[in-house]
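A short write-up of the structure that comes next.
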Amino acid sequence: GALVYQYPRRTICKSGTSMRMECQAVGFQATSVAWYRQSPQKTFELIALSTVNSAIKYEQNFTQEKFPISHPNLSFSSMTVLNAYLEDRGLYLCGASPQGGQNTLYFGAGTRLSVL
Amino acid sequence: QQKVQQSPESLIVPEGGMASLNCTSSDRNVDYFWWYRQHSGKSPKMLMSIFSNGEKEEGRFTVHLNKASLHTSLHIRDSQPSDSALYLCAASTDNRIFFGDGTQLVVKP
């Protein structure tokens, strides 16, 4: 079956530092990878959509300069949160799909980021 | 970014009762809808998808879609305590999938 692994599961970083999180698709080819953030207040925001052979598309309020994403092959993606502050806290979810748009997203368990 | 609105924010139903959850999109370009379920501390898992007008039933779960009003609803009959979770509505537009903030369902034994 289709599985998505994310690591680390939890991480704590000091305010102003950066942390990298990874997403691995197993059992299918992740043509599209969408990164989301679920805030402590439970808002669910799309950060960016990465599709192989296309430019990464960031949503409003999210930039490549703050959340650089790498999607080097069909099984792996990573995202870094640069200069993390309190407002960056939350559960970062990676949703991978064999194709974009109409296909179901398979989610990893997320990386929970705490910022001190 | 709030393209998907869900209501109510939270819902308590007795065991065996009917839970009804609503979802509307404000984006006229939305073309597909999904319902996901997220148990506490777990990742969201797709429950049902609906792409055409009408109704779709899978076991105790029924989804309705009205494409003209961009409204979908999820109904859970004979609710069980194990159905207690955050229910997320998702909609796609321009190959991107947006989620609402969810309805927290609690089924009381």
Look through A:V33, A:V26 and report the one residue that is in contact (Cβ under 8 Å) with a residue 12 or more places away in the chain and within 12 Å of chain B (Cβ to nearest Cβ).
-> A:V33
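Filter segment A:1-26 for residues that are charged (D, E, K, R), part of a loop (DSSP other than H, G, I, E, B) and more than 17 Å from A:L82 (Cβ to Cβ) and give the result. Give the derivation first.
Just the residues of segment A:1-26 that are charged (D, E, K, R), to begin with: A:9-10, A:14, A:20, A:22.
Imposing the further condition that a residue be part of a loop (DSSP other than H, G, I, E, B) reduces the set to A:9, A:14.
Result: A:R9, single match.
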State the number of residues belonging to segment A:57-87 that are of a type outside the set (S, T, N, Q), without any contact (Cβ under 8 Å) to a residue 40 or more places away in the chain and within 19 Å of A:Q38 (Cβ to Cβ).
-> 7
Looking only at segment B:64-90, and only at residues there that are hydrophobic (A, V, I, L, M, F, W, C) and more than 14 Å from chain A (Cβ to nearest Cβ), the one that is surrounded by the fewest Cβ atoms within 10 Å (Cβ to Cβ) | B:A68
Taking only segment B:17-54 into account, find how many residues are over 17 Å from A:F107 (Cβ atoms) and part of a loop (DSSP other than H, G, I, E, B).
-> 11
Could you check B:T93 against (1) within 14 Å of chain A (Cβ to nearest Cβ); (2) closer than 30 Å to A:R10 by Cβ and say which number it fails?
-> (2)
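Taking segment B:91-103, which residues are buried (at least 19 other Cβ atoms within 10 Å of the Cβ) and either in a loop (DSSP other than H, G, I, E, B) or not aliphatic (A, V, I, L, M) (or both)?
B:S92, B:F98, B:F99, B:G100, B:D101, B:G102, B:T103
Right, A:Y106: crowded, with 16+ Cβ neighbours inside 10 Å and among the aromatic types (F, W, Y) or not?
Judged against the criteria, A:Y106 is a match.
FYI, it's all coordinate maths here, none of it is from the lab. Note that the structure is predicted; figures quoted are calculated from it, not measured. Glycine also receives a Cβ, built like all others from the backbone with ideal geometry; neighbour counts cover every protein chain displayed.
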